[in-house]
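Right, one structure below, let's go through it.
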Amino acid sequence: TSYLKKTNDEIYAACKDIVGNAANFMIIGTFQYSEPAVENENGATVTLTADITCLSMKDGSTLYKTTITDSATDKNKWSAEQKCRSNLAEKVADAVIYGM
């Protein structure tokens, strides 16, 4: 949590101090609510957005950047959020693997 308000450059510098030249790239980003959850008698819908950046550990340059939004509906807000996070994580992983 100490890195939440840091810039990519600050995160890169901190990571470089920790891993040195042991890594080739670093993936950083956030999953955030795109809009408030919508709840009604049929369940809840949650929409999340992932902002992901892959940085080179050689010089901190951006290798890949993507923003992906997804929604999920389930019986309650908690289960809809978990479903959305899971779906979004899979999409982000595919995007990073094939985008880089």
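Readers should treat all values here as calculations from the given coordinates under stated rules, not as data from a laboratory. Computed from a predicted model, the values in this text were never measured in an experiment. Neighbour counts run over all protein chains shown; Cβ positions are idealised from the backbone, glycine included.
For region 1-60, the ratio of Cα radius of gyration to the globular rule of thumb 2.2 N^0.38 Å stands at 1.59.
Stretching residue 7 away from residue 83 to a fully extended chain increases their span by 24.5 nm, per 0.36 nm per residue minus the current alpha-carbon distance. Cα centroids of region 1-61 and region 65-100: 13 Å apart.
Within the chain, the ratio Rg/Rh, alpha carbon atoms throughout and Rh by Kirkwood, equals 1.08.
Calculated mean residue ellipticity at 222 nm for the chain: -12000 deg cm²/dmol, from DSSP H runs with n ≥ 4 weighted as -39500 (n - 2.57), summed, divided by the residue count and rounded to 500.
Projecting the Cα atoms of 38, 22, 68 onto the charge dipole of region 1-88, computed from C-beta unit charges around the Cα centre, puts 22 farthest toward the positive end. Residues whose amide H lies under 5 Å from that of residue 57, counting only those 5 or more places away or on a different chain, are 25, 26; hydrogens are built 1.01 Å from N in the peptide plane. Charged side chains reduced to their Cβ positions (Lys and Arg at +1, Asp and Glu at -1) give the chain a dipole of some 200 debye around its Cα centre.
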